[in-house]
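Below: the structure, in structure tokens.
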Amino acid sequence: MDMSQYLELFIEESKEHLQNLNENLLELEKIPEDMTILNEIFRVAHTLKGMAATMGFSKMATLTHDMENVLQEIRNGKIKVNSKIVDLLFQCLDALEDYVDKIINTGNEGSNTYSDIIKTLNTVFESRGSISTETALSEKKEDKRIDKMEGLELDEYAQNIINKAVNMNMNAFSITIKLNKSCVLKSARAFIIFKTLESKCEIIKSEPKVEDIEDEKFDFEFTVVLVTKESLSTLEKELKGIAEVDDVIIKPLSFKELALQPDDQKLADKPVKMIKQQEEATDDGDEKAQNQTAKPRTGKTVRVDIDRLDNLMNLVSELIIIKTRLEGIEVTDINQNYGEAVEYMERITTSLHDAVMKVRMVPVEMVFNRFPRMIRDLAKELGKQITLNMYGSETEVDRTVIDEIGDPLIHLLRNSADHGIEMPQKRLAKGKPQHGTINLKAYHDGNNVIIEVQDDGAGIDTEKVKTKAIERGLVDKEMARSLSQKELVEFLFRPSFSTADKVTDVSGRGVGLDVVKTKIEALSGVIEVETEREKGSKFIIRLPLTLAIIQALMVILADEKYAIPLSSIREIVNIKAEDIKLVQKQEVILLRNSVIPLIRLNKILDIPMDNKAESEQITVVIVRKGDKLSGFAVDRLIGQQEIVIKSLGKHLSGIRNIAGATILGDGQVALILDVNALAL
């Protein structure tokens, strides 16, 4: 059977299960005695084993099988959960993630068998404690009985089910499957057989028990009893088509042939769906009711390829451009119907845009959920005690932003763990709890999403930053004295700037915060820092909700039209030429007792301008970059407009001061100004 068609589904589900495993292992480390968590970990390992075996990934299946052995002994109380066991399970998690990554990149699980981890798992399993002689003998006796057993004994309830099935013209079979003696993963092959049967039948009982088959506690054959609508020949053909199945013996069953054994193994709690559906259909006699009863309940979510969403977004973008163009057409004789049609189209387009945006929105949890494990490992590596609290994981942001924000957050969290949080002894000496705390928070603020990384560590030593800045020649001693705390903190975002006394595996090379700033500004975001000595630091990231369609203010410089993102604009003012002052050769204006630098866009963008009288009023757009304000001098304002951000293409990428372009209603192209690059 060709399993390649299921590869994408396998990868997606494996990622979900591995994330679940990661979260539960972190919880198990905190509450080792919690059986609910342990059972969930066992369930995930068991599911992964079955999925991997079905897909033919034998190394992954072997690893999860050995994990199951250890987990089962923990559940039985024969192995105690301690830090070494948790570390071992985390190593298994890392190995499984490596297998999945290789499957994503190459389509196979690679050559690494992780024999050292498997050896450790087997050592832990084998040394769990001795089994009594009486138990061992009984197990051997039971295995011997199973090997020689020729038939099955069922309880009264199972017999009644088969009797009903036969009365409803269904078939009841006893099927013995014999595997090839060279079969390495017997349980994996049995899993495929069970999945094949469950798609067409309802299994009533198996010998050995399903749990024993999963744990490979059987020879090379097992027997199942089932009811089905399928014929004997159909089942035989299906089963013999499975690899490593040597022989299939199918025996039809009837009520009279079965011996009554009420003390035998009881059936599972779940109802036999096929019989129940048949009964409901017969009693009702309505074909429609029969179809509804047999139809499985469908899920409320679907997985959609991101490329399809991008294509849908592009189509919506084109629709918005056409809508803008229609609004701008000057029609001499506009009748009422035309005006109403345009208004209706505008409402529909806006609703469609909102709907598409909601589809593209994903919770930041997708990024956040990788950090608890990272902080745990970092704390162990650094010899610190760190608690990570996460808030607002359900906050949604555009998928394009999610894909890019992970690396900056990793840098900030590692920075807090290494530079911020002190060693336990130092914290106790300062009167702090020995456990350091890092808070990761996300929330919406208008059309932006705010992400904060806050720690209760030592804070940023601005005097040390000042000394390093002077040593590197970034500022002289005289000017350094006049710098504010915020200005000193800005040095940390310079390339290769670090205050660490020594380089470690975690940090100290000065390649962290400058990367963070570059990445965030590339997303049209800003980063701010608040810090207090011995109290801690807070890094605040402000990002747009989406990078596709935004509200913008259209302005004119000479004969060119430009767009300024509305989310960056604080206000618009008109000033006179005589109100402009010079401070250290920089033009500034005074607005409500605040000194704001004035930026002549025509000079920066090299736009030829007509000479204007100095007494003429100047229109200034006040923009915000973090907590700083700047004023952009423009010729005229056109107004607010919804624009579609288009890339400039690879030949024009990286042009400073320009964030992209948009197509206007009249077909003209307007450039979008990069506020982060232009603002002082």
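Read-outs: derived from the displayed coordinates by stated rules, not from any lab. Remember, predicted model here, so these are calculated numbers, not experimental data. Counting neighbours? That spans all protein chains shown, and the Cβs are built from the backbone with ideal geometry, glycine included.
For this structure, a couple of remarks:
- Considering only 21, 69, 56, the residue lying farthest towards the positive end of the dipole of segment 4-129 is 69, judged by Cα position with unit charges set on Cβ.
- For segment 364-544: relative contact order, % (alpha-carbon pairs under 8 angstrom, 6 or more apart): 24
- Calculated FRET efficiency for the pair residue 617/residue 341, C-beta based, R₀ 41 Å, to 0.05: 0.55
- Cα gyration tensor category, rounded, prolate or oblate, for segment 4-129 with a/c compared to 1.5: prolate
- Local electrostatic count, residue 438, Cβ distance below 10 Å [Lys/Arg +1, Asp/Glu -1]: -2
- Here residue 600 and residue 637 are evaluated by their C-beta separation; at R0 = 22 Å the FRET efficiency comes out at 0.85.
- A crude spin-label estimate for the pair residue 380 and residue 35, with each label 7 Å from Cα along the Cβ direction, gives 2.7 nm.
- The modelled label-to-label distance between residue 607 and residue 593, using points 7 Å beyond Cα along the C-beta direction, is 3.5 nm.
- Translational diffusion of segment 377-494, estimated by Stokes-Einstein from the Kirkwood radius over alpha carbon pairs at 20 °C in a medium of 1.002 mPa s, is 130 µm² per second.
- Once both labels are positioned 7 Å from their Cα atoms along Cα-to-Cβ, the gap between residue 646 and residue 366 label points is 2.7 nm.
- Per-residue Cβ neighbour counts within 10 Å put 183, 92 in the sequence 183, 92, beginning with the fewest.
- Gain on full stretching of the segment that runs from residue 583 to residue 535 - 0.36 nm per residue minus C-alpha separation: 13.7 nm
- Taking every C-alpha pair closer than 8 Å and separated by at least 6 residues, the mean separation divided by the residue count of segment 549-678 gives a relative contact order of 31 percent.
- At 0.890 mPa s and 25 °C, Stokes diffusion of segment 621-680 via Kirkwood alpha-carbon radius, µm² per second: 188
- The residues 533, 189, when put in order of fewest to most other Cβ atoms within 10 Å, stand as 533, 189.
- A Förster radius of 22 Å combined with the Cβ-Cβ distance from residue 94 to residue 43 puts the calculated FRET efficiency at roughly 0.65.
- If you bin all the Cα-Cα distances of segment 549-678 at 10 Å, starting from zero, the percentages per bin are 11, 43, 34, 10, 1.
- Cα-Cα over 31 Å, subset of 80/186; 59/178; 195/358; 576/646; 59/380: 195/358; 576/646
- Fewest-first sequence of 651, 435, 65, 46 by Cβ atoms within 10 Å of each Cβ: 651, 435, 46, 65
- Counting 0.36 nm for each residue step from residue 447 to residue 304 and taking away their Cα separation leaves a gain of 49.0 nm.
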